[in-house]
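**Q** This structure is in structure tokens; I'll ask about it shortly.
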Amino acid sequence: MTSEPTTRQLLPTATGRQTWAALRGELALLPRLSAVAGTLLIAAAATGLVAPWVLGRLVDDVIAGTDTPRVIAWAAVIAGAAVLAGLLTAVGAAVAARLGETVLARLRERVLDRALHLPSATLERAGTGDLVARAGDDVAVVTNVIATSGPAFLGALLSVVLTAAGLFALDWRLGIAGLVAAPAYAVALRWYLKRSVPYYARERVATGERAQATAEALRGAATVRAYRMEDAHVARIAERSGVARDLSLEIFGLYTRFGLRINRSEFVGLAAVLLAGFLLVRGDLATVGAATTAALYFHRLFNPIGLLLFESDSVLQAGASLARLVGVTTLPDTAAPAGSEPNRHDRGAPAALEVTVRQHRYDDGPVVLRDIALRLAPGERVALVGASGAGKSTLAGIIAGIIAPTDGAATLRGVPLTQLDEHRLRREIALISQEVHVFAGPLGDDLRLADPDATDAEIAAALDLVGATEWVRTLPDGLATAVGEGGRQLTSAQAQQLALARLILADPAVAILDEATAEAGSAGARDLDRAAVAATEGRTTLIVAHRLSQAATADRIVVLDQGRVAEHGTHAELLRAGGGYSKLWRSWSMPDPVVPRERESTDQPVPR
Amino acid sequence: MTVAETTGGVVLRRALRRQRARVAAGIALLCTHQATEALVPVAIGVVIDSAVATGDVSALLLSLAGLAALFTVLAFAYRAGARLAFAAVEHEAHATRVEIVRSALDPRGRRSGMRDGELLSVTASDAELSALVVRVAGLTAAALTAIVVAAVALLVVDIPLGLGVLIGVPLLVVALQRMAPLLTRRSTSQQEALAATTALAVDLVSGLRVLRGIGAQDHAARRYAGASRHALDVTLRAATTKGLHLGLTTTVNGLFLATVAGFAGWLALQGRLTIGELVAVVGLAQFIAEPVQTLGYCVQLFAMARASAGRVARVLGAAPVVQPGDAGPPTPTPFRLALDGVSYAGLDDVSLRVRAGEILGVLAYDPGEAEALVALLAGRVPRADHRGTVRVDGVPADELHIDAARAVVLVEQHDVALFEGTLRANLSAGASVDDEVLRAAVRAAAAEDVLAAHPHGFDRLLTERGANLSGGQRQRIGLARALVADPPVLVLHNPTTAIDAVTEGLLATRLAEARGAGTSGTVLITTSPALLRITDRVTVIDRGRVVVEGPHERLLASDARYREETLR
């Protein structure tokens, strides 16, 4: 992950105070629910204290030699408390879940909304890696902790607080005796957290590396076999799996040592309570019943305290994830202001686009573009040709408004792109790059990302225009067939056809295709080129061309060489000019009889 | 069938057998732990009875010392037992995982019928889950011990009371367990909904540039919000069920406690129980529910382990795809590779010859037929599935030992797979090769930019699957890797589809220099005119049959269809 020297840590993480403030803000939005949930949970925990207290009174009464009805009465009190506690617990858990889960759902939706609307400049610098981790892993961590450990943790916390209060209410001296255990617990917890949190981070990394090595080997199995590298890959996976296993074992060792310290604390507390009870009873300051209640109270605490301590690290992890999520929500919001969406029927009106780049460089790097002035007339199709590194993609990015030139500007219908809001800009100028992505789920859903209101007929028309009708028809469930991750794997040519179909459905005024048909298997290449032409019909279009046939069909060709425009003109003009383009074209479109092939003499080799 | 029948049961039994030492010791210690846990309430009762109620100092010291001893045994038994059980699971999971990977990478291929994604989840989670059978064994034994100890303690105090508790508790737990299927169902759908939401978020953010390219972020955000709301609904339903179960458990446990306390109090009033015994009975009645619940949990855990073991067995027991022979490397002949009347997946009676020193172009008008040819040449097609013969240096390929066949014929795929590691490791593919050889191959593949653009040169690190290279760079590094391997027969399938025109022309010229001399044969399965131009001959396949053969220039001049298919 760290092979490239650039730091990717560009997304903010909230401080503890900001995180709390954000949480309080969310809870304040649901004041009644918060109040009801809090009351119910506290009441449920409080009813749990009745039974040990009654048992203590029962002990006293038995010692005093009471009668049977009194014993039955005490039992009835325990039973009544049990029914009440059950009711409060059930309703409290449901209400608390409604509160916590609603807050969480709102948070994750806001996180994803901000992530999706990340300003282009930030996205280009930060990449999607960290964003994916936050929208995926962090949300999952917080969600799981809240859904699985949350209620138990909260219940245990309340239980501990109230039981401690109950112990004090019983007899303040017994309460103090119980508190003797607190420092022992605290020391144990501090000891554990100091060690476990970094350990868990290492374990996650190790597990990730193991999974990565495995995925790579399985996906590349054909290559692994072809080069006879099975043993090396198995060894690498075994090594990484071993590292992850050993770390897990070490962590578990730590965990059990923590358990040992907790057991010790339990003993210290229990012995202190019993000792205090003994002294108080002897000094006639408390009854045997009170001492019994205290011991039972304390014994009752074993489980909730253990749960609090053992869950503390996952709660801490959830807290860290939460801070990263709240951090994302502090990013500026570039989402569409309501009503800024271009009217569905106004979209796609051809527009003129102009770009001037006196010079462009990335940070302090070398100049990658200079002295470029280019105008795309409404509806014109311009092809950009040049070797790798000539600056084609950078120029395409500038024209798309994704990269701001160091010195220069791009305008759409005479308006500088920097003055258009991000949302409007993206609906007007579409950019289809080499990066294809098939969205997981039904094929129809993938396409409707471009236009949620598209009818089946419109979708069918778009697919037809890009020449995808035939293979879509062969899908088992047509448009409902699951594609992408976890679904049917599409070929890169099919994926690119989908990208072009999305372009048609999005219906922008300007289309920029940055090598959008490059990865296709060669046989599909021409079909894809045709699809690209069909999809951009009537739009102002810039095509970064891989194959010269794409250039040949364009209205105009711009040849870039080392960041400058080397030639421009129509295909015919450039051929007549006899420059670099015409040479390239000739070497491509026909065999070159002028250059004799060097290896003709090896036609009849002598076998060794 | 040469592979022994492997079932889930076999996998589970093997796990227990392999880890038997750890399992046996772990069980003994965990049982000790549970027994001592059961004795804690009894001990509290003893302290109250003998010391608190009597005010006897020496009894107090003695009973507290006893309590300390109990806690010491309890703590250390747990620590050692849990560690052993955990280690058994982890070691077993690791061993299973390595076996699965080895089987999945078997050079002969395996018919597990699983896709990569499934295989991945089998290695990641099923290996771990099937190993949990070891934990089930430990927990079950420990829980049974706890129940027995508690039962004996109760019966010693009072036989009717003990019997009542012993019968009552399991009945209650079983009754409460009746909600378990509903709970499981609800929490499974909750987990599914949450996992789907996470997957959607990851998918959308991964495709963020694509979404932004067409201004579809708002639509995507709305789609996510919909999924998130659905997950919320499902989660709330699950939480309500869980709350209900929790409340019910609380009530039932409380009512049971009330009954036991009332009865034991009455017995104490009759003088049949001491105060300490009263405390112990109440404590034990509460404690005994735990091991009984553990048993219920073990049943679920075992079901999970068995299901996972079934999937593990499917991978480990899968039969090989091809059955290679055991002939050693063949002696080189003038025809390095020959197909005689081969029919397979659309190919119909195809015959091909690749001479030593020759670069043969193959142009299949249907990409599917090109794929079929690649599969055949890569040795991925079992003998029974195709007609005709594939010969390597005159020897039928399926008579060769798998390593001998792979030593002669190397297929570099169209979608190049690179691996995390240095550029050097990727280029040399595990062999030890001079930097000069690597440099020459990189040059021949016109991939100098990958090397030159980076300060670390050959030590440059590639990330997972070479993701930090562009598609074109990956293809050229794949080609360079194949040239480094320098196999007697090299098969390249569409090696330049992601490469720009200028670079492709350069690459073609250098490839001809690299492979055109000597006694090696090269097959270029491609539609690229730049590559076809450097071949000695082109074999054209249309509708499964070889329709025409000849030099590229001649075909270009004489065959209209050929011209149309190769013109870019």
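**Q** In region B:512-531, which residues are surrounded by 24 or more Cβ atoms within 10 Å (Cβ to Cβ) and hydrophobic (A, V, I, L, M, F, W, C)?
**A** Once the filter is applied, which keeps residues that are surrounded by 24 or more Cβ atoms within 10 Å (Cβ to Cβ) and hydrophobic (A, V, I, L, M, F, W, C), region B:512-531 yields B:Val523, B:Leu524, B:Ile525, B:Leu531.
**Q** Looking at (1) part of a helix (DSSP H, G or I); (2) small (Gly, Ala, Ser); (3) over 20 Å from B:Phe287 (Cα atoms), find the lone condition where A:Ala286 falls short.
**A** A:Ala286 satisfies all of (1) part of a helix (DSSP H, G or I); (2) small (Gly, Ala, Ser); (3) over 20 Å from B:Phe287 (Cα atoms) except (1).
**Q** While we're here: Do we find a residue being more than 7 Å from chain B (Cβ to nearest Cβ), buried (at least 18 other Cβ atoms within 10 Å of the Cβ) and more than 26 Å from the chain's Cα centre (by Cα) anywhere in region A:210-229?
**A** No; the residues of region A:210-229 include none that is more than 7 Å from chain B (Cβ to nearest Cβ), buried (at least 18 other Cβ atoms within 10 Å of the Cβ) and more than 26 Å from the chain's Cα centre (by Cα).
**Q** When the residues of region B:41-91 are filtered to those that are facing chain A (nearest Cβ under 7 Å) and among the β-branched types (Val, Ile, Thr), which remaining residue is farthest from B:Ala141 (Cα to Cα)?
**A** B:Val52
**Q** To continue, here is another question. Within region A:447-470, which residues are at pLDDT below 85 and in contact with a Leu (Cβ under 9 Å, 6 or more places away or on another chain)?
**A** None; the set is empty.
**Q** Sticking with this one: When residues of region B:169-181 are filtered for being surrounded by fewer than 17 Cβ atoms within 10 Å (Cβ to Cβ) and either touching a Ser or Thr at 6+ places or on another chain (Cβ under 8 Å) or among the aromatic types (Phe, Trp, Tyr) (or both), how many remain?
**A** 1
**Q** Let me ask you something else. For the list (1) within 10 Å of chain A (Cβ to nearest Cβ); (2) outside any loop (DSSP other than H, G, I, E, B); (3) hydroxyl-bearing (Ser, Thr, Tyr); (4) buried (at least 22 other Cβ atoms within 10 Å of the Cβ), I need the number of the one condition that B:Thr496 fails.
**A** Tallying (1) within 10 Å of chain A (Cβ to nearest Cβ); (2) outside any loop (DSSP other than H, G, I, E, B); (3) hydroxyl-bearing (Ser, Thr, Tyr); (4) buried (at least 22 other Cβ atoms within 10 Å of the Cβ), B:Thr496 fails exactly one: (2).
**Q** Quick one: in region B:307-328, of everything that is within 13 Å of chain A (Cβ to nearest Cβ) and assigned to a loop (DSSP other than H, G, I, E, B), which residue is nearest to B:Asp126 (Cα to Cα)?
**A** The first filter runs over region B:307-328 and keeps only residues within 13 Å of chain A (Cβ to nearest Cβ), leaving B:315, B:320-322, B:324.
Of the ones still in play, those that are also assigned to a loop (DSSP other than H, G, I, E, B) are B:321-322, B:324.
Details: B:Val321: 23, B:Val322: 27, B:Pro324: 30 Å.
The residue in question is B:Val321.
**Q** Contact list please: Cβ distance under 7 Å, first residue in region B:408-433 and of a type in the set (D, E, K, R), second residue buried (at least 24 other Cβ atoms within 10 Å of the Cβ), pairs at least six apart or on different chains.
**A** As it stands, the answer is B:Glu412/B:Gly478; B:Glu412/B:Leu479; B:Glu412/B:Ala482; B:Glu412/B:Leu492; B:Glu412/B:Pro495, since those pairs meet every condition given.
**Q** Which of (1) crowded, with 18+ Cβ neighbours inside 10 Å; (2) within 30 Å of A:Ser120 (Cβ to Cβ); (3) at pLDDT 90 or above; (4) not acidic (Asp, Glu) does A:Ala21 not meet, given it meets every other one?
**A** Exception for A:Ala21: condition (1).
**Q** Anything in region B:68-113 that is surrounded by fewer than 20 Cβ atoms within 10 Å (Cβ to Cβ) and within 30 Å of B:Ile48 (Cβ to Cβ)? List them, or say none.
**A** Answer for region B:68-113, where residues must be surrounded by fewer than 20 Cβ atoms within 10 Å (Cβ to Cβ) and within 30 Å of B:Ile48 (Cβ to Cβ): B:Ala68, B:Ala69, B:Leu70, B:Thr72, B:Val73, B:Phe76.
**Q** Select, from B:Gly55, B:Gly66, B:Gly26, the only residue that is assigned to a loop (DSSP other than H, G, I, E, B) and in the same structural domain as B:Phe302 (by TED's automatic domain parsing).
**A** Unique residue meeting the criteria: B:Gly55.
**Q** Here are the criteria: (1) facing chain B (nearest Cβ under 7 Å); (2) touching a residue at least 40 places away in the same chain (Cβ under 8 Å); (3) closer than 30 Å to B:Gln270 by Cβ. Tell me which single one A:Ala79 does not satisfy.
**A** Result: A:Ala79 fails condition (2) only.
**Q** May I pose another question? crowded, with 18+ Cβ neighbours inside 10 Å, over 30 Å from A:Leu548 (Cα atoms) and of a type in the set (Gly, Ala, Ser): does that describe B:Ala397?
**A** In short, yes.
Yes/no matrix, rows are residues, columns are (1) facing another protein chain (nearest Cβ under 10 Å); (2) of a type in the set (Ser, Thr, Tyr); (3) closer than 30 Å to A:Ala135 by Cα; (4) surrounded by 19 or more Cβ atoms within 10 Å (Cβ to Cβ):
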residue	(1), (2), (3), (4)
B:Val148	no, no, no, no
B:Val152	no, no, no, no
B:Leu163	no, no, no, no
B:Arg185	no, no, yes, no
B:Thr188	no, yes, yes, no
B:Val202	yes, no, yes, yes
B:Leu211	yes, no, yes, yes
B:Ala216	yes, no, yes, yes
B:Ala238	yes, no, yes, yes
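**Q** Another one. Could you please find all residues in region B:441-459 being aromatic (Phe, Trp, Tyr) and surrounded by 24 or more Cβ atoms within 10 Å (Cβ to Cβ)?
**A** Residues satisfying the conditions do not exist here.
**Q** Same structure, new question: Could you tell me whether region A:329-336 includes any residue that is at pLDDT below 70 and either exposed (fewer than 15 other Cβ atoms within 10 Å of the Cβ) or of a type outside the set (S, T, N, Q) (or both)?
**A** The first filter runs over region A:329-336 and keeps only residues at pLDDT below 70, leaving A:334-336.
Next, only the ones that are either exposed (fewer than 15 other Cβ atoms within 10 Å of the Cβ) or of a type outside the set (S, T, N, Q) (or both) stay: A:335-336.
For region A:329-336, residues at pLDDT below 70 and either exposed (fewer than 15 other Cβ atoms within 10 Å of the Cβ) or of a type outside the set (S, T, N, Q) (or both): present.
**Q** Every residue in region B:422-440 that is closer than 16 Å to A:Thr223 by Cβ and either modelled with pLDDT under 90 or surrounded by fewer than 17 Cβ atoms within 10 Å (Cβ to Cβ) (or both), please.
**A** Answer for region B:422-440, where residues must be closer than 16 Å to A:Thr223 by Cβ and either modelled with pLDDT under 90 or surrounded by fewer than 17 Cβ atoms within 10 Å (Cβ to Cβ) (or both): B:Gly430, B:Ala431.
**Q** Scan region B:123-137 for residues that are hydrophobic (A, V, I, L, M, F, W, C) and within 10 Å of chain A (Cβ to nearest Cβ) and jot them down.
**A** Those that are hydrophobic (A, V, I, L, M, F, W, C) and within 10 Å of chain A (Cβ to nearest Cβ): B:Ala124, B:Ala127.
**Q** Would you check if there is a residue in region A:478-496 being assigned by TED's automatic domain parsing to the domain that holds A:His546 and in contact (Cβ under 8 Å) with a residue 60 or more places away in the chain? Quick ask: steps written out before the conclusion?
**A** First, the residues of region A:478-496 that are assigned by TED's automatic domain parsing to the domain that holds A:His546: A:478-496.
After this cut, where a residue has to be in contact (Cβ under 8 Å) with a residue 60 or more places away in the chain as well, the list is A:496.
The answer is yes, given that some residue of region A:478-496 is assigned by TED's automatic domain parsing to the domain that holds A:His546 and in contact (Cβ under 8 Å) with a residue 60 or more places away in the chain.
**Q** A follow-up question, please. Being crowded, with 23+ Cβ neighbours inside 10 Å and in contact with a Leu (Cβ under 7 Å, 6 or more places away or on another chain) is the filter; apply it to region A:57-69 and report the residue that is farthest from B:Gly254 (Cα to Cα). Give the steps one after another, and end with the answer.
**A** Step one: of region A:57-69, the residues crowded, with 23+ Cβ neighbours inside 10 Å are A:58-59, A:62.
Next, only the ones that are in contact with a Leu (Cβ under 7 Å, 6 or more places away or on another chain) stay: A:59, A:62.
Working: A:Val59: 18, A:Val62: 21 Å.
Ranking the candidates gives A:Val62 first.
**Q** If you take the residues of region A:531-552 that are closer than 19 Å to A:Pro508 by Cα and assigned to a helix (DSSP H, G or I), which of them is nearest to the other protein chains (Cβ to nearest Cβ)?
**A** Result: A:Ala535.
**Q** Here is a check on your reading of the model: is A:Ala121 surrounded by fewer than 21 Cβ atoms within 10 Å (Cβ to Cβ) and closer than 30 Å to A:Thr418 by Cβ? Quick ask: steps written out before the conclusion?
**A** Details: surrounded by fewer than 21 Cβ atoms within 10 Å (Cβ to Cβ): yes; closer than 30 Å to A:Thr418 by Cβ: yes.
Against the criterion (surrounded by fewer than 21 Cβ atoms within 10 Å (Cβ to Cβ) and closer than 30 Å to A:Thr418 by Cβ), A:Ala121 qualifies.
**Q** Now for a separate question. Say whether the condition of being more than 8 Å from chain A (Cβ to nearest Cβ), in contact (Cβ under 8 Å) with a residue 24 or more places away in the chain and either assigned to a loop (DSSP other than H, G, I, E, B) or of a type outside the set (Ser, Thr, Tyr) (or both) is met by at least one residue in region B:547-559. Steps first, please.
**A** Our first condition is that a residue be more than 8 Å from chain A (Cβ to nearest Cβ); within region B:547-559, this holds for B:547-551, B:554-555, B:557-559.
Add one more test, that the residue is in contact (Cβ under 8 Å) with a residue 24 or more places away in the chain, and what stays is none.
No - not one qualifying residue is present in region B:547-559.
**Q** Specify which of the listed residues (A:Arg597, A:Arg576, A:Arg608, A:Arg502) is assigned to a helix (DSSP H, G or I) and either within 42 Å of the chain's Cα centre (by Cα) or modelled with pLDDT under 90 (or both). Step through it out loud before you land on a result.
**A** Working: A:Arg597 fails: assigned to a helix (DSSP H, G or I); A:Arg576 fails: either within 42 Å of the chain's Cα centre (by Cα) or modelled with pLDDT under 90 (or both); A:Arg608 fails: assigned to a helix (DSSP H, G or I).
Within the list A:Arg597, A:Arg576, A:Arg608, A:Arg502, the selection yields A:Arg502.
**Q** Need the failing condition index for A:Ile398 against (1) buried (at least 23 other Cβ atoms within 10 Å of the Cβ); (2) within 30 Å of the chain's Cα centre (by Cα); (3) outside any helix (DSSP H, G or I), just the number.
**A** It is condition (3) that A:Ile398 fails.
**Q** So which residues in region A:383-394 are part of a helix (DSSP H, G or I) and closer than 13 Å to A:Val367 by Cβ, if there are any at all?
**A** So in region A:383-394, the residues part of a helix (DSSP H, G or I) come out as A:392-394.
Passing the criteria: only A:Thr394.
**Q** Further, regarding this structure: Looking at this structure, is A:Arg202 surrounded by fewer than 21 Cβ atoms within 10 Å (Cβ to Cβ) and within 25 Å of A:Leu316 (Cα to Cα)?
**A** yes
The values are calculated or read from the model by the stated rules, or taken from the named source; none is laboratory data. Remember, predicted model here, so these are calculated numbers, not experimental data. Here the Cβ is made from the backbone with ideal geometry for all residues, glycine too, and neighbour counts use every protein chain on show.
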